[in-house]
Amino acid sequence: MSSQPARSSHKRQIGGPRLVVSHTATQESFRSADDRRQRTRIGTVADTAGPSRMNDDGAWHQEDLATSSAREDPDFTYQLGAFLASEPDMAPADGIFVVAAATRSTGQERPLHAWYPLRDEYVAELLRREGRGSRKVYERCSGANSACEGSAEFRCANGQCFGEAMYCQECIVATHARLPTHFIEHWSGTHFQRTTLKALGLRMQLNHRVGVVCPYKRPAFKDFVLYDLSGVHEVSVDYCGCRTDDGSAEGGEPLPARTQLLRACWWPATIAEPRSCATFSLLRLFQVLNCLGKLSAYDFLRGLEKCTAHNGLDKPPVRSTAPHIVAFL
């Protein structure tokens, strides 16, 4: 009787669980004690290395005993930074190394930490601003005319003009002929007192070049108010009374007041004989804040009042037509 060979089963025989070990990449980073250098070691674990495990429970017990004895050491600490600071630079081992130089701290990451040692210097400069500063600042007028012999008792407030120069009354008015929305400070002998260019004699002539006075000028209202980024200002304004000869107005009549104000980049609050205006730059700022921050016209005008007189003692001039200015937007 012939014996037939045993057929192999087409089904895959499932044996016991097997451990599959492959190459594993490892990466270790070390920093030097001064925290300026960093070494990164990249290597692989051999394919014959298996998972580490402890077959004896006594090994865990021995590790706990070692940890407890280390904690009894008086120099033991839980702070990892102290351990790394005292650790010497590790010698490079075999493998691939990437050495990266750590960037030096320039104070940009922690600006307050870098500024703190200089706080007294900053405070001293702020206090210096309360006075006249060095003698070279106030010993003579800093006007354009070097031969000016006027007493240097005036300066621009709030640092709106560059530097800390001081002028006489005539020179500071001439310097601010194009800057009527700056506040002025007057040295009284012991401290600075705030004043305005209007009180010093500045008058703004519309529809003419700076320094040219219209022979037919017509003054505006005495309580004319101008709203600007720096606050609320009382200014003296003169309208041009020259008759037009370019055909822009019928009969050669002078330009209306609203037209002259618009050409000066001032937005009038009313159409006829306005008493208050706002600069174009102020309206642009309100438009951005209103669109992005939902700032109301009332809060915006209140902020301008605080910029003008934040102490609340001298209230700035405010017109009832002021909200009409921002209403045009």
Among the numbered criteria (1) over 35 Å from the mean Cα position of the chain (by Cα); (2) touching a residue at least 12 places away in the same chain (Cβ under 8 Å), which single criterion is violated by Arg209? (2)
Number of positions in region 282-296 that are closer than 16 Å to Leu226 by Cα and either β-branched (Val, Ile, Thr) or out of contact with any Leu (no Cβ under 6 Å at 6 or more places or on another chain) (or both): 4
Matching residues in region 240-250 (open to solvent by 60 Å² or more (accessible area, probe 1.4 Å) and either closer than 20 Å to Val173 by Cβ or part of a loop (DSSP other than H, G, I, E, B) (or both)) number 5
Condition test on Thr270, is it under 30 Å from Gly159 (Cβ atoms), of a type in the set (Ser, Thr, Tyr) and assigned to a loop (DSSP other than H, G, I, E, B)? no
Output for Cβ contacts, cut-off 6 Å, separation at least six or different chains, first residue without any contact (Cβ under 8 Å) to a residue 60 or more places away in the chain and over 13 Å from Met204 (Cβ atoms) in region 163-181, second surrounded by fewer than 18 Cβ atoms within 10 Å (Cβ to Cβ) and of a type in the set (S, T, N, Q), reads Cys168/Ser151
Being crowded, with 17+ Cβ neighbours inside 10 Å and modelled with pLDDT under 90 is the requirement here; does Ser142 meet it? yes
When region 219-234 is checked residue by residue, the ones that are under 33 Å from the mean Cα position of the chain (by Cα) and open to solvent by 60 Å² or more (accessible area, probe 1.4 Å) are Leu229, Glu234
Any residue in region 94-104 that is modelled with pLDDT under 60, open to solvent by 90 Å² or more (accessible area, probe 1.4 Å), of a type in the set (Ser, Thr, Tyr) and over 30 Å from Thr195 (Cβ atoms)? yes
Report yes if Val237 is open to solvent by less than 20 Å² (accessible area, probe 1.4 Å), under 30 Å from Asp299 (Cβ atoms) and touching a Lys or Arg at 6+ places or on another chain (Cβ under 6 Å), otherwise no. no
Under 7 Å between Cβ atoms, which residue pairs at least 6 apart in sequence (or on different chains) link something in region 128-157 that is among the acidic types (Asp, Glu) with a partner that is surrounded by 12 or more Cβ atoms within 10 Å (Cβ to Cβ) and not in a loop (DSSP other than H, G, I, E, B)? Glu153/His186; Glu153/Trp187
Return a yes/no flag: does region 271-290 have any residue that is in contact with a Cys (Cβ under 6 Å, 6 or more places away or on another chain), surrounded by 12 or more Cβ atoms within 10 Å (Cβ to Cβ), aliphatic (A, V, I, L, M) and modelled with pLDDT of 90 or more. no
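The values are calculated or read from the model by the stated rules, or taken from the named source; none is laboratory data. Here the structure is a predicted model, which means the values were calculated and not measured. Reconstructed Cβ throughout: ideal geometry from the backbone, glycine too, with neighbour counts over all protein chains shown. Only protein heavy atoms, including side chains, enter the accessible area calculation; ligands, DNA and RNA are left aside. Shrake-Rupley method; radii C 1.70, N 1.55, O 1.52, S 1.80 Å.
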